[in-house]
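First the structure, in the form of structure tokens, and then the observations on it.
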Amino acid sequence: MRRVDIIILSVCALLVTVSVSLLLLSLTKAEGSQALESDPINVSHDPIQADSLREALPVLNFGKRMVVMSAKATYTIDGQLVSKKRYLHGFMNELAPYDFALVWGDMPLYLKQMTFRQTSRFCLFNMKKNATIDPQYVQFHMSNNHLIPATKNIKKAMQKARKGELIRIEGHLVDVEASRNGRMIAAWGSSVSREDIGNGACELIYVTRLRIGDTIYE
């Protein structure tokens, strides 16, 4: 093979590699828009919850499995991300692939006094020695949110969020029922209180808009 042929083949291989890389990037990159400066994320206030007025939500299909969502309330939460976990295996993990643990109120002032750990769809916190914050205040100003993305773009954006960032989640608190061939196989419900603890205290959110810092994803 002539030297010029080798060079041509090498250039072609490089171009193919670059093209594939750009294609993969376009498939995984979330498209966002700039948030208004007049609408900052405000972690000092409590989440906003209102009657959903029985708003109809789309039926989701995962192969032979069908998921029906019932809206319990519209919901907006501004918080600081203290932990994020990606769940990979199982049907419910396909439905809600990410959990975001958020804090609000005065909590960001005390984060150096505690640690957070997510496991099995729970978020646990530990107080460090000589911590001055009231544990009950922590319980009432943090939440572990199971996130059902309304769009593929929002799902892509979820992987971009990093610990410490300010987050706004907008959507609906929902109950879900999953069925296969007309037979119910699973059910999952959302809390509607910020003051419950333990099993069932997490929020299950159908996310229609996600804001990370100053970027909005829909």
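None of the figures in this text is laboratory data; all of them are computed from the coordinates on show. Nothing here was measured: the structure is a model prediction, and the numbers come from that model. Here the Cβ positions follow ideal geometry from the backbone for every residue, glycine too, while neighbour counts run over all protein chains shown.
Quick notes on this one:
- Cα gyration tensor shape for segment 41-112, rounded if a/c is under 1.5, else prolate or oblate: oblate
- Given charges at beta-carbon only (K, R positive; D, E negative), |dipole| of segment 101-155 in Debye: 320 debye
- Residue order, fewest to most beta carbons within 10 Å, for Val174, Val192: Val192, Val174
- Here the chain is assigned +1 on the Cβ of each Lys and Arg and -1 on the Cβ of each Asp and Glu. Its dipole about the Cα centre then comes out at about 1180 debye.
- Each DSSP beta bridge with both residues in segment 133-218 is either parallel or antiparallel, and the antiparallel ones are about 75%.
- Residue by residue, segment 148-153 carries 3J(HN,Hα) couplings of 9, x, 6, 9, 5, 5 Hz when phi is fed to the Karplus relation 6.51 cos²θ - 1.76 cosθ + 1.60 (θ = phi - 60°); x denotes Gly or Pro.
- Summed residue charge, Cβ within 12 Å of Leu166's Cβ, Lys/Arg positive, Asp/Glu negative: +1
- Lysine pair count for segment 48-217 (Cα-Cα distance under 20 Å; residues 8 or more apart in sequence or on different chains): 18.
- When both segment 46-68 and segment 180-208 are represented by their alpha-carbon centers, they are found 11 Å apart.
- Of all DSSP-defined beta bridges confined to segment 48-217, some 90% are antiparallel rather than parallel.
- Cα gyration tensor shape for segment 44-191, rounded if a/c is under 1.5, else prolate or oblate: prolate
- Segment 132-218 shape via C-alpha gyration tensor axes, a/c threshold 1.5: oblate
- Going from the fewest other Cβ atoms within 10 Å to the most, the residues Phe122, Phe140 appear in the order Phe122, Phe140.
- For Ser143, neighbours were defined as the other residues whose beta-carbon sits under 11 Å from its Cβ, and their charges (Lys and Arg +1, Asp and Glu -1) total -4.
- Look at the alpha carbon pairs under 8 Å that are at least 6 residues apart: their mean separation over the length of the chain gives a relative contact order of 24 percent.
- Arranged from fewest to most other beta-carbon atoms within 10 Å of their beta carbon, Lys156, Lys72, Lys64, Lys29 become Lys64, Lys29, Lys156, Lys72.
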